[in-house]
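In what follows, a single structure is set out as C-alpha coordinates and then discussed.
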Amino acid sequence: MTQPAVSPLAEAVARDILVAEVWAWARRIGVADRVREIHVRPMKRKWASCSSRGRLTFDAALLHQPAPFRREVIVHELLHLKVPNHGPLFRALLKAYLAEAESPD
(Lines give C-alpha, C1' and ligand atoms only; values in the text may rest on other atoms or scores of the structure.)
Protein backbone atom coordinates (compact mmCIF):
# COMPACT_ATOMS: atom_id res chain seq x y z
CA MET A 1 0.00 0.00 0.00
CA THR A 2 1.64 3.17 -1.15
CA GLN A 3 2.00 6.23 1.01
CA PRO A 4 2.09 9.88 -0.04
CA ALA A 5 5.39 11.70 0.49
CA VAL A 6 5.30 13.61 3.79
CA SER A 7 7.90 15.21 6.00
CA PRO A 8 9.47 13.10 8.76
CA LEU A 9 7.92 15.40 11.37
CA ALA A 10 4.43 15.00 9.90
CA GLU A 11 4.95 11.24 9.77
CA ALA A 12 6.02 11.15 13.44
CA VAL A 13 3.02 13.25 14.48
CA ALA A 14 0.67 10.97 12.50
CA ARG A 15 2.20 7.90 14.21
CA ASP A 16 1.74 9.48 17.64
CA ILE A 17 -1.89 10.25 16.82
CA LEU A 18 -2.53 6.68 15.65
CA VAL A 19 -0.93 5.20 18.78
CA ALA A 20 -2.99 7.57 20.97
CA GLU A 21 -6.14 6.46 19.14
CA VAL A 22 -5.24 2.81 19.75
CA TRP A 23 -4.73 3.40 23.49
CA ALA A 24 -7.97 5.40 23.76
CA TRP A 25 -9.93 2.60 22.10
CA ALA A 26 -8.14 -0.08 24.13
CA ARG A 27 -9.32 1.64 27.31
CA ARG A 28 -12.84 2.11 25.94
CA ILE A 29 -13.12 -1.56 24.94
CA GLY A 30 -11.51 -2.74 28.18
CA VAL A 31 -8.43 -4.42 26.73
CA ALA A 32 -5.70 -1.89 27.59
CA ASP A 33 -4.18 -4.37 30.04
CA ARG A 34 -3.76 -6.89 27.20
CA VAL A 35 -1.97 -4.54 24.79
CA ARG A 36 1.77 -5.25 25.03
CA GLU A 37 3.21 -3.58 21.93
CA ILE A 38 2.00 -1.22 19.22
CA HIS A 39 3.99 -1.06 15.99
CA VAL A 40 3.49 0.98 12.83
CA ARG A 41 5.35 -0.26 9.77
CA PRO A 42 4.79 -0.92 6.08
CA MET A 43 2.71 -4.03 5.49
CA LYS A 44 2.09 -5.62 2.10
CA ARG A 45 -1.27 -7.36 2.41
CA LYS A 46 -3.11 -6.16 5.52
CA TRP A 47 -4.02 -2.94 7.24
CA ALA A 48 -3.19 -4.42 10.64
CA SER A 49 -2.67 -7.55 12.69
CA CYS A 50 -3.04 -8.59 16.31
CA SER A 51 -1.25 -11.45 18.03
CA SER A 52 -2.74 -13.41 20.92
CA ARG A 53 0.08 -12.00 23.06
CA GLY A 54 -1.12 -8.43 22.56
CA ARG A 55 1.20 -7.25 19.83
CA LEU A 56 -0.63 -4.90 17.47
CA THR A 57 0.91 -3.95 14.14
CA PHE A 58 -0.60 -1.31 11.87
CA ASP A 59 0.30 -0.57 8.26
CA ALA A 60 2.07 2.79 7.96
CA ALA A 61 -0.30 3.63 5.08
CA LEU A 62 -3.12 3.70 7.64
CA LEU A 63 -1.66 7.00 8.88
CA HIS A 64 -2.95 8.64 5.70
CA GLN A 65 -6.46 7.19 5.75
CA PRO A 66 -9.62 8.99 6.95
CA ALA A 67 -10.31 8.84 10.69
CA PRO A 68 -13.46 6.65 10.37
CA PHE A 69 -11.50 4.01 8.44
CA ARG A 70 -8.62 4.11 10.96
CA ARG A 71 -11.15 3.73 13.76
CA GLU A 72 -12.68 0.65 12.12
CA VAL A 73 -9.27 -1.00 11.72
CA ILE A 74 -8.22 -0.13 15.29
CA VAL A 75 -11.45 -1.41 16.85
CA HIS A 76 -11.34 -4.55 14.70
CA GLU A 77 -7.84 -5.45 15.86
CA LEU A 78 -8.44 -4.62 19.52
CA LEU A 79 -11.59 -6.75 19.59
CA HIS A 80 -9.42 -9.74 18.71
CA LEU A 81 -8.02 -9.43 22.24
CA LYS A 82 -11.55 -10.25 23.46
CA VAL A 83 -12.79 -12.51 20.66
CA PRO A 84 -10.14 -14.33 18.60
CA ASN A 85 -12.32 -15.10 15.57
CA HIS A 86 -14.72 -13.29 13.23
CA GLY A 87 -17.85 -15.07 14.46
CA PRO A 88 -21.23 -13.58 15.37
CA LEU A 89 -20.06 -12.21 18.73
CA PHE A 90 -17.09 -10.46 17.12
CA ARG A 91 -19.26 -8.93 14.38
CA ALA A 92 -21.88 -7.78 16.91
CA LEU A 93 -19.27 -6.13 19.13
CA LEU A 94 -17.59 -4.45 16.16
CA LYS A 95 -20.91 -3.10 14.93
CA ALA A 96 -21.87 -1.87 18.42
CA TYR A 97 -18.56 -0.09 19.10
CA LEU A 98 -18.50 1.56 15.69
CA ALA A 99 -22.14 2.65 16.02
CA GLU A 100 -21.38 4.06 19.47
CA ALA A 101 -18.47 6.03 18.01
CA GLU A 102 -20.68 7.51 15.30
CA SER A 103 -23.56 8.53 17.55
CA PRO A 104 -23.53 12.10 18.89
CA ASP A 105 -23.09 12.37 22.66
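Please find, among 88, 104, the residue that is modelled with pLDDT under 95 and either farther than 18 Å from residue 23 by Cα or under 13 Å from the mean Cα position of the chain (by Cα) (or both).
Numbers: 88 fails: modelled with pLDDT under 95.
Result: 104 is the single residue among 88, 104 that is modelled with pLDDT under 95 and either farther than 18 Å from residue 23 by Cα or under 13 Å from the mean Cα position of the chain (by Cα) (or both).
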If you go through segment 66-86, how many residues are out of contact with any Cys (no Cβ under 7 Å at 6 or more places or on another chain) and assigned to a helix (DSSP H, G or I)? 12
Residue pairs within 6 Å by beta carbon, gap of at least six or interchain, first lying in segment 69-90 and surrounded by fewer than 19 Cβ atoms within 10 Å (Cβ to Cβ), second of a type in the set (Phe, Trp, Tyr) and part of a helix (DSSP H, G or I), listed first then second, are 83/90
When segment 11-43 is checked residue by residue, the ones that are of a type in the set (D, E, K, R) and under 17 Å from residue 70 (Cα atoms) are 11, 15, 16, 21, 27, 28, 41
Residues of segment 39-59 being of a type in the set (Lys, Arg) and either assigned to a loop (DSSP other than H, G, I, E, B) or touching a residue at least 40 places away in the same chain (Cβ under 8 Å) (or both), in sequence order, are 44, 45, 46, 53
Which of (1) surrounded by 15 or more Cβ atoms within 10 Å (Cβ to Cβ); (2) part of a loop (DSSP other than H, G, I, E, B); (3) charged (D, E, K, R) does residue 11 not meet, given it meets every other one? (2)
I'd like the full set of residues that are touching a His at 6+ places or on another chain (Cβ under 7 Å) and within 13 Å of residue 29 (Cα to Cα), limited to segment 48-105. 94
Looking only at segment 21-63, count how many residues are closer than 17 Å to residue 94 by Cα and charged (D, E, K, R). 3
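The values are calculated or read from the model by the stated rules, or taken from the named source; none is laboratory data. Worth saying up front: this structure is predicted, and the values here are computed from it rather than measured. For neighbour counting, all protein chains shown are included, and Cβ atoms are generated from backbone atoms with ideal geometry for every residue, glycine included.
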